[in-house]
Every structure is written in structure tokens, then in C-alpha cells.
């Protein structure tokens, strides 16, 4: 990946106030794959004390979207057309890691997936799988 492509993704991520609110960070960017981490903060827990499914979905969707963006020309962005989530286990732990991947890139549609793991004391548990479609749109940034 060219430096301009990395710069575009980091700039776009920094513009997402939702990711800032959740304490999320980009931890890896490479062609076709992006990893986002987020702590399970007190404000992002559900009624039983686990990380809320909204946190899991948000970082999984963003990781998948940015993975798609790594395959796009520099004058394009992406938006989510549809994405589904299978919640496999409670988000127990200190940190969530979402790894987004491109399954099939395209000029009109990009099929993506994401896995979200919960981390406690170094142990990782797969808690969610996402699959969806991103649509390329002209970049507005």
C-alpha cells in the first residue's frame, strides 16, 4: 500500500467521533485488512456488565469498511450498504479487537467480513462474526 492510502485511512478514522467516543484505535492497516482495538469502558457496557453489542458492531463495521477502503482508488470512499452480525459469546474482558477483511473487492460492491475478539489477560475469545457489503462513493474529505 502506498503512503497516501495509509494517510487517507488514518485521516478518515480520526474524523469519526464515534470511534473517539468508544476509545477505539487503529492498530493495523494493510491492503485488504484493518484491525481496530477498543477498551470495554464503563460507558460501553450492557446491563450485565459485558461489552455492549453496539460496541462490538461499531468496531467490526468500521474495521470491515476500512479494509474495503484499502482496495479503493484515492478519490473514493466507502459506506456500508448492509452488514450482519452473529454474536457468539459475551464481550467479557478488557479490550475488543476487530479484524476486518476484504472477501471480494469490486468497483461497485465490496464484500467484507470482520471477526471481533474479546481479550482478558492475553487470552482472546471470538465473540462475533460480521459479513457485509460496502459501496464505493466519491470521497468528500
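Net length available on complete extension from residue 111 to residue 14 is 32.5 nm, with 0.36 nm assigned per residue and the Cα-Cα distance removed. Were the residues from residue 87 through residue 21 laid out at 0.36 nm apart, the gain over their Cα-Cα distance would be 21.5 nm. Taking every DSSP helix (H) stretch of at least 4 residues in the chain, weighting each as -39,500 (n - 2.57) and dividing the sum by the residue count yields a mean residue ellipticity at 222 nm of -7500 deg cm²/dmol.
Could you order peptides 51-62, 8-19 by the average number of other Cβ atoms within 10 Å of their residues, highest first?
51-62, 8-19
Modelled spin-label separation between residue 6 and residue 94, with each label point placed 7 Å from Cα along the Cα-to-Cβ direction: 2.8 nm.
Applying 1/(1 + (r/R0)^6) with r as the Cβ-Cβ distance of residue 75 and residue 41 and R0 = 35 angstrom yields a FRET efficiency of 0.45. Treat the chain as a sphere of radius equal to its Kirkwood radius over Cα pairs and apply Stokes-Einstein at 20 °C in a medium of 1.002 mPa s; give the translational diffusion coefficient in µm²/s, rounded to a whole number. Stokes-Einstein gives a translational diffusion coefficient of 144 µm²/s. Rounded to the nearest 0.05, the FRET efficiency derived from the C-beta distance between residue 129 and residue 104 at R0 = 25 Å is 0.90.
Read-outs: derived from the displayed coordinates by stated rules, not from any lab. Values in this document were obtained by computation on a predicted structure and should not be read as measured data. Cβ atoms come from the backbone with ideal geometry, glycine included; neighbour counts cover every protein chain shown.
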